[in-house]
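Shown next, in structure tokens, is the structure this report addresses.
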Amino acid sequence: MPKGGSVNADERSNVERTGFATGYDGTLGARQMAEYMSRADGLGYEVGFFSETIELLRDAPTSMTAFALSTNRMQLGCTMIARLRSPIVMAQTIASLNEISNGRTIVAVGACTRSHAVKHSLPHLDPPGTLTEWVETIRLLLTGEEVTYDGQFVKLNKVGLGYEPRFKEAKILIPAISRTGLELAAAIGDGVVLTSISSPEYSANAISILRQAVTRNGRDWDEFEVAQLVNCSISEDKDAAFDAIRWEIATNFNPVQLPFVVRPRMRVGEPTITEDDISRLEAAYETGGEAALVKAIPDRFVEGLTASGAPRDVKARVDQYRRAGVKLPLIRPASLNQIPIALDLFSSAGHGNRSNGAGA
């Protein structure tokens, strides 16, 4: 049974949807993450979300299995990157996780960027094209039928899972930063996971693009999920809160990530970051590496790109993301010691519109 207090059905029907996110702290093992997921489940969170990162921390299937066995009610989501596992392996994994969790699995399938390809010793291939074919074939394979598929990147000849999946569908979200990614999410996803380290203004601009694209594709906006990873740092000591999260902001501005996560965000509409900021941070990195980059992250970035400060300020900031159109904020605390604080702070949220996934 989940640890922590439970939320009854009447209470859940009137509260806001919220998720708890983890996966970026290398000091936090799968067992400990599962304990926090169990607590979040008992406190009424709608989704527990795990990010499988390019930094090669814990993997998604192992962690999600631990979460499924530690929780009873909330949906469980994770990122997986196309091409790092074949669509057949990903379909096997999703079907197995759905079986273990009783149909509570959500998967955010991300595009394999050039930086992913380099790290995993893969040739660079068209990210939107490969992502589209991965998503299409995963959905087909989950039906349990034999699949023949003749794509540019995926070719299957009468391939099917070796057993009848108990759950023949899974919600597939698309992580997106750029306009291309947002429009692709609107075309092929059941929803989107908007990027972290972004302002509510970016969220509003991205959601405007999404909404137009969803409508253009003849789809129902009310049925389209809009989740966003929201970085939080919580302390009554504002300086302490800000200092605790600078490291994560800095990861977006190192030479590897900068072209793929910052500039596309600026083109969508991220008013917090300027070209002068980028030049200054690049110079800091060249001079002193990661440590200098973290130190150079200004308070303006912490205020603009995260929800940080005293508990009441963090809650008010998350509400700004909601007002921008984010339907499901995924709260990601900045440090291990902040996780219990964050879970309690948002414990009245979640479960409002949950389906447990049975029969999916």
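Data for the structure
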quantity: Yes/no for Arg263 being surrounded by fewer than 17 Cβ atoms within 10 Å (Cβ to Cβ), part of a helix (DSSP H, G or I), at pLDDT below 95 and not aromatic (Phe, Trp, Tyr); calculated: yes
quantity: Meets criteria (aliphatic (A, V, I, L, M), over 13 Å from the mean Cα position of the chain (by Cα) and on the phi > 0 side of the Ramachandran plot) for Leu43; calculated: no
quantity: All strands (runs of 3 or more DSSP E) inside segment 96-214 with 3 or more residues being surrounded by 19 or more Cβ atoms within 10 Å (Cβ to Cβ), in contact with a Leu (Cβ under 9 Å, 6 or more places away or on another chain) and on the phi < 0 side of the Ramachandran plot; calculated: 105-110, 171-176, 191-194
quantity: Only one of Arg354, Arg317, Arg332, Arg322 that is within 19 Å of the chain's Cα centre (by Cα), modelled with pLDDT under 95, surrounded by 15 or more Cβ atoms within 10 Å (Cβ to Cβ) and among the basic types (Lys, Arg); calculated: Arg354
quantity: Qualifying position, being under 30 Å from Phe153 (Cα atoms), in contact with a Pro (Cβ under 7 Å, 6 or more places away or on another chain) and surrounded by fewer than 21 Cβ atoms within 10 Å (Cβ to Cβ), among Thr53, Thr79; calculated: Thr79
quantity: Residue that is surrounded by the most Cβ atoms within 10 Å (Cβ to Cβ) [pool: residues in segment 21-50 that are farther than 15 Å from Ser335 by Cα and in contact with an Asp or Glu (Cβ under 8 Å, 6 or more places away or on another chain)]; calculated: Gly48
quantity: Test for Arg31: is it in a helix (DSSP H, G or I), charged (D, E, K, R), modelled with pLDDT under 95 and over 30 Å from Phe153 (Cα atoms); calculated: yes
quantity: Segment 1-22, subset at pLDDT 85 or above and among the small types (Gly, Ala, Ser), residue nearest to the chain's Cα centre (by Cα); calculated: Ala21
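The values are calculated or read from the model by the stated rules, or taken from the named source; none is laboratory data. Just so you know, these numbers come straight off a predicted model, no measurement behind them. Every residue, glycine among them, receives a Cβ derived from its backbone with ideal geometry; neighbour counts consider all protein chains shown.
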